[in-house]
Amino acid sequence: MTAATSLLRGSTSTRRQKSPPREATPSPRLRLVEAPGTRRLPSLRSMLISLVVLAGVFVTQLALSIAISQGAYEVSGLEQSQTELARTESAALEELSAMSSAQNLAVEATKLGMVPTDSQAFLQVGSGSLATDAASTGTSAPINTGLVTNEVTQPAAPVADPNGVSTEQAAAPAVPSVTELRSPSTR
């Protein structure tokens, strides 16, 4: 192949040039290592310092553990007192509900000598006198506390059927016994 044909084909032949030879690097020289010296024992002072630090770490860890467990006991006690206070609050609310019922108010009013009346009376603040309505008859009758129902102190009992079955029991479906169950039909 001539140089002209190789140029027409688009390929050029280049000769590789040799890179300069590398210089040999000398290997590191070996040298003699001295034998290790005898190891000195730690001094008494450094041993005492390390023992004091170690004891301090143990005492600190023990103190933290005691503080955490003491906090857990306090939390437990506070939770118990919170439960007792919640029960006391619940009992007080039930007692308040019973005391503010209409029946209890009627009984307490009767104990104080209060009676229902059909007349109206007004207190005049300026003069301190009592003004009554002229059209009223002023009749009064004692309060019949049996007419005032109290759901809080006397909850309604379930109504019993003449057959002796309560309405709550009648609403529940009857469960068939094992002998009354039908077996599935197979083919």
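The values are calculated or read from the model by the stated rules, or taken from the named source; none is laboratory data. Every value quoted in this text rests on a predicted model; they were computed, and no experiment measured them. When we count neighbours, we look across all protein chains shown, and the Cβ atoms used for this are built from the backbone with ideal geometry, even at glycine.
Out of SER90, SER50, one residue alone is at pLDDT 90 or above, among the polar types (S, T, N, Q) and within 35 Å of the chain's Cα centre (by Cα). It is SER90. So ARG182 clears everything in (1) modelled with pLDDT of 85 or more; (2) surrounded by fewer than 10 Cβ atoms within 10 Å (Cβ to Cβ) except one condition, right? Which one? So ARG182 meets the others, but not (1).
Scanning region 27-61 for residues that are hydroxyl-bearing (Ser, Thr, Tyr) and surrounded by 10 or more Cβ atoms within 10 Å (Cβ to Cβ) yields a total of 3.
Okay, residues lined up against (1) assigned to a loop (DSSP other than H, G, I, E, B); (2) modelled with pLDDT of 95 or more; (3) surrounded by fewer than 10 Cβ atoms within 10 Å (Cβ to Cβ):
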{"position": "ALA4", "(1), (2), (3)": "no, no, yes"}
{"position": "GLU94", "(1), (2), (3)": "no, no, no"}
{"position": "GLN103", "(1), (2), (3)": "no, no, no"}
{"position": "VAL115", "(1), (2), (3)": "yes, no, no"}
